[in-house]
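Peer 1: Supplied in structure tokens, the structure appears directly below.
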Amino acid sequence: MITMKDIVREGHPSLTRSAAVVEVPLSKDDKQLLEDMMQFLKNSQDEEIAEKYELRAGVGIAAPQLGIEKQIIAIHFEDIDGKLYSMGLVNPKIISHSVEQSYLSSGEGCLSVDRPVEGYVPRHARITIKATDINDQPVKLRLKGYPAIVFQHEIDHINGIMFFDRINTEDPFNIPENSSPIQ
Ligand SMILES: CNC(=O)c1cccc(C)c1Nc1nc(N2CCN(c3ccccc3Cl)CC2)nc(N2CSC[C@H]2C(=O)NC)n1
């Protein structure tokens, strides 16, 4: 089972390097890794399990956060309308995006960052993603709102980008043109 000791922290080289493309069909090991990453997210959101194993809650995790430089991400959460996003993806790519931007009005947190980093993280408001799922099937997702933010945060990890790299250092709470807040 993945616990916080398996998650590398700020300063670890895996977090700022680009991860390798994953071979499809997925190997047994890569499938198992995806299952374990999904289970971690579910455990982290379960009050009892999270308390017992001292897990920090997350809705997404990327393999580089485990020191594994592969293009593998896992997402698990229910959006405001109760739609469940629960999937493991390999080789995710943003193939198109809106000009409009959006950001979490509470800022972003990251399992690999053990400090609060204030500021808005401007991201694309709407994105279209292509990827391959755990059953080797092609996936095409059109996302907006909170789901779009979470997927961009995890895909950034695949490309060695941390959320704070996107915060305006002069004015962390600067609201870029053409961008709207997500509560
Ligand atoms: C500095 N201010 C803040 O962190 C912040 C502060 C307030 C609100 C938000 C919305 C903030 N921002 C933020 N909150 C989250 N969670 C909210 C709580 N939740 C959760 C917690 C407990 C049980 C179940 C669950 Cl579901 C887990 C997820 N997650 C992310 N991110 C950035 S995108 C990837 C995602 C991630 O998984 N990070 C570990 N950002």
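The values are calculated or read from the model by the stated rules, or taken from the named source; none is laboratory data. Everything numeric in this text was worked out from a predicted model, so none of it was measured. Cβ coordinates were reconstructed from backbone atoms using ideal geometry, including for glycine residues, and neighbour counts include every protein chain displayed. Note: accessible area is taken over every heavy atom of the protein model, side chains too, but ligands, DNA and RNA are not part of it. Shrake-Rupley method; radii C 1.70, N 1.55, O 1.52, S 1.80 Å.
Peer 1: Go over the candidates Gln183, Gln152 one by one and state the one that is within 10 Å of the ligand (Cβ to nearest atom), modelled with pLDDT under 95 and in contact with a strand residue (DSSP E or B) (Cβ under 9 Å, 6 or more places away or on another chain). If you could, list the steps in order and put the result at the bottom.
Peer 2: Numbers: Gln152 fails: modelled with pLDDT under 95.
Step by step, each of Gln183, Gln152 is checked, and only Gln183 is within 10 Å of the ligand (Cβ to nearest atom), modelled with pLDDT under 95 and in contact with a strand residue (DSSP E or B) (Cβ under 9 Å, 6 or more places away or on another chain).
Peer 1: Does Ile72 satisfy being open to solvent by less than 40 Å² (accessible area, probe 1.4 Å), modelled with pLDDT of 95 or more, more than 10 Å from the ligand (Cβ to nearest atom) and over 30 Å from Glu170 (Cβ atoms)?
Peer 2: Numbers: open to solvent by less than 40 Å² (accessible area, probe 1.4 Å): yes; modelled with pLDDT of 95 or more: yes; more than 10 Å from the ligand (Cβ to nearest atom): yes; over 30 Å from Glu170 (Cβ atoms): yes.
In short, yes.
Peer 1: Every residue in segment 44-65 that is farther than 16 Å from Glu108 by Cβ and surrounded by fewer than 21 Cβ atoms within 10 Å (Cβ to Cβ), please.
Peer 2: Within segment 44-65, Gln45, Asp46, Glu47, Glu48, Ile49, Ala50, Glu51, Lys52, Tyr53, Glu54 meet the criteria.
Peer 1: Next question, about the same structure. Give segment 14-41 a look and list any residue that's over 14 Å from the mean Cα position of the chain (by Cα) and within 16 Å of the ligand (Cβ to nearest atom), or say none.
Peer 2: Across segment 14-41, the qualifying residue is only Gln39.
Peer 1: Which one of these does Ala125 not meet: (1) within 11 Å of the ligand (Cβ to nearest atom); (2) open to solvent by less than 30 Å² (accessible area, probe 1.4 Å); (3) hydrophobic (A, V, I, L, M, F, W, C); (4) farther than 27 Å from Lys31 by Cα?
Peer 2: Against the list (1) within 11 Å of the ligand (Cβ to nearest atom); (2) open to solvent by less than 30 Å² (accessible area, probe 1.4 Å); (3) hydrophobic (A, V, I, L, M, F, W, C); (4) farther than 27 Å from Lys31 by Cα, Ala125 comes up short only on (1).
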